[in-house]
Amino acid sequence: MQASREIELEGHIIDSGVMTMVMDRVMDMGGDFETLVFDIGKKKTDTSYARLRVSASEEHQLDAILSELFRLGAHLPVSTDAVLIPAEGDRIVPKGFYSTTNHPTWIKLKGEWIPVEDLEMDCLLVVDPEEKRAFSAPLSKLKKGDCVVVGEEGVKVEFPHRPREGSTFEFMHGTVSSERPSETLIEKIAREISTIKAANGKIVLVGGPAIIHSGGGPALSGIIRNGYIDALFAGNALATHDIESNLFGTSLGMDIKTAKLVTGGHKHHIYAISEIMRAGSIKDAVEQGVVTGGVMYECVRHDVPFVLAGSIRDDGPLPDVITDVMEAQDRMREHLRGADMVLMVATLLHSVAVGNCLPSQVKTICVDINPASVTKLMDRGTSQAIGVVSDAGTFFPMLARKLDEISEKVSE
């Protein structure tokens, strides 16, 4: 005897491939489906609607299939209120807790659908019944007595739908290729950045030390100076190499202009860290005239907040580096609120970490010389990311030039 249940799908489910994904997921998990209703929109702006009966040989198998389908935006025709269970202790989850996606989500509370705030993937859904508010909360923030959503009932997810009319940002949605023309892609990214900033939007940069080592530092400094970046996330290495390049003209002991190792240059990054220690902080070093240029200098001079997250391999580290990773996560979350675009360049681990904190509607661009790095980011849940295969030393000078060209045209 088979177990079965009806589900509904609505929206641009054909253009976005959602319908195909749902059917594939059912079959891949050993289930079956019957299409009961399928109303296809006739115009480009019309949405479609489908109702399917999903079945499986056993109830637990059906529950597993439905759990996957709900994360793709499917929902039950009639939904009851979400089930809430208080956490029995700090960081102790109720069994069967709902694990979030990074897609727009609602829960049903007292017959009313309310949106989930601070969306992140792989978190808990915590509800304040009195305030009628729901939050996506990481395990580290769960407190005893918090009301946690358990099960799939009363939860609705809106899977991202690709707009029929298209947009600048759809130029290579969900793909990674080293064979695409870099200049064309970078020009489109520049246009998107300009559009966002013209609307007073927020852009966050996640950067790795290769930006400095490959010679992209001066161009990035100019981009920050011109007001295109609203927050910088990095590690100890990017800031150290940047300051080293300002003090000594080297990065990891290599002359950036000649690409030759400098005698005794292997000690320069230690000297750089020590000079910041002597000054007290990066900001103090800028104000005292110790650091006179570079990425960190421009951040200080133009009030661009930065979060430097520590690593077990750090030298020093610089006094501004946050060595408590949970604290670093919280600081990053603060600056990610309201972000319209996140630009990730040459740093896989930081990119994955930040990607895990992003709602899926945030425009995300990952730039790396290794195509596998971009693919890994997308495979770990940041499916909205656009991949550009390029080294940072090529990307930032070209991006800076394209932004300048767009700015000149606007001012004419």
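Mind checking which residues of segment 107-128 are open to solvent by less than 70 Å² (accessible area, probe 1.4 Å), over 17 Å from residue 333 (Cβ atoms) and touching a residue at least 40 places away in the same chain (Cβ under 8 Å)?
Passing the criteria: 107, 108, 109, 127.
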Going by the conditions given, is residue 214 in contact with a Pro (Cβ under 9 Å, 6 or more places away or on another chain), modelled with pLDDT under 95, more than 23 Å from residue 73 (Cα to Cα) and open to solvent by 40 Å² or more (accessible area, probe 1.4 Å)? no
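Do you know which of the residues in segment 190-206 that are of a type in the set (A, V, I, L, M) and part of a helix (DSSP H, G or I) is most open to solvent (accessible area, probe 1.4 Å)? Break it down into steps so the answer makes sense when it comes.
Restricting attention to segment 190-206, the residues satisfying the condition of being of a type in the set (A, V, I, L, M) are 190, 193, 196, 198-199, 203-206.
The next check asks that each one be part of a helix (DSSP H, G or I); those that pass are 190, 193, 196, 198.
Values: 190: 0, 193: 7, 196: 17, 198: 86 Å².
For segment 190-206, the residue satisfying everything is 198.
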Taking segment 52-85 only, how many residues are in contact with a Phe, Trp or Tyr (Cβ under 6 Å, 6 or more places away or on another chain) and either open to solvent by 60 Å² or more (accessible area, probe 1.4 Å) or of a type outside the set (A, V, I, L, M, F, W, C) (or both)? 1
Given the conditions (1) touching a residue at least 24 places away in the same chain (Cβ under 8 Å); (2) among the hydrophobic types (A, V, I, L, M, F, W, C); (3) within 20 Å of residue 332 (Cβ to Cβ); (4) surrounded by fewer than 18 Cβ atoms within 10 Å (Cβ to Cβ), every one holds for residue 277 apart from (3)
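Can you name every one of the strands (runs of 3 or more DSSP E) wholly within segment 79-166 that holds 1 or more residues which are of a type in the set (Lys, Arg)? Write out each step before concluding.
Working: elements: 83-86, 105-109, 112-117, 124-128, 133-137, 147-150, 155-157.
Filter on segment 79-166 gives 105-109, 133-137, 155-157.
In this structure, is residue 55 over 28 Å from the mean Cα position of the chain (by Cα), farther than 18 Å from residue 152 by Cα and not charged (D, E, K, R)? Spell out the reasoning first.
On the way: over 28 Å from the mean Cα position of the chain (by Cα): yes; farther than 18 Å from residue 152 by Cα: no; not charged (D, E, K, R): yes.
In short, no.
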Selection within segment 142-161 - basic (Lys, Arg) and over 25 Å from the mean Cα position of the chain (by Cα): 143, 144
Just to be sure I understand the filter: pairs with C-beta atoms under 9 Å, separated by 6 or more residues or on different chains, first member in segment 22-34 and over 15 Å from residue 53 (Cβ atoms), second member assigned to a strand (DSSP E or B) and aliphatic (A, V, I, L, M). Which pairs pass? 29/56; 30/56
So, in segment 127-157, how many residues would count as being farther than 27 Å from residue 62 by Cβ and in contact with a helix residue (DSSP H, G or I) (Cβ under 8 Å, 6 or more places away or on another chain)? 2
Looking for something under 30 Å from residue 198 (Cα atoms) and not in a strand (DSSP E or B) - is there at least one such residue anywhere in segment 248-256? no
Condition first: aliphatic (A, V, I, L, M), on the phi < 0 side of the Ramachandran plot and either in contact with a Pro (Cβ under 8 Å, 6 or more places away or on another chain) or surrounded by fewer than 18 Cβ atoms within 10 Å (Cβ to Cβ) (or both). Can you find one or more residues in segment 129-141 that meet it? yes
Can you tell me which residues in segment 228-258 are charged (D, E, K, R), over 20 Å from residue 206 (Cβ atoms) and either open to solvent by less than 30 Å² (accessible area, probe 1.4 Å) or touching a strand residue (DSSP E or B) at 6+ places or on another chain (Cβ under 6 Å) (or both)? 244
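The values are calculated or read from the model by the stated rules, or taken from the named source; none is laboratory data. What you are looking at is a predicted structure, and each value in this text was computed from that prediction instead of being measured. Neighbour counts run over all protein chains shown; Cβ positions are idealised from the backbone, glycine included. We work out accessible area using only protein heavy atoms, side chains counted, and drop any ligands, DNA or RNA first. Shrake-Rupley method; radii C 1.70, N 1.55, O 1.52, S 1.80 Å.
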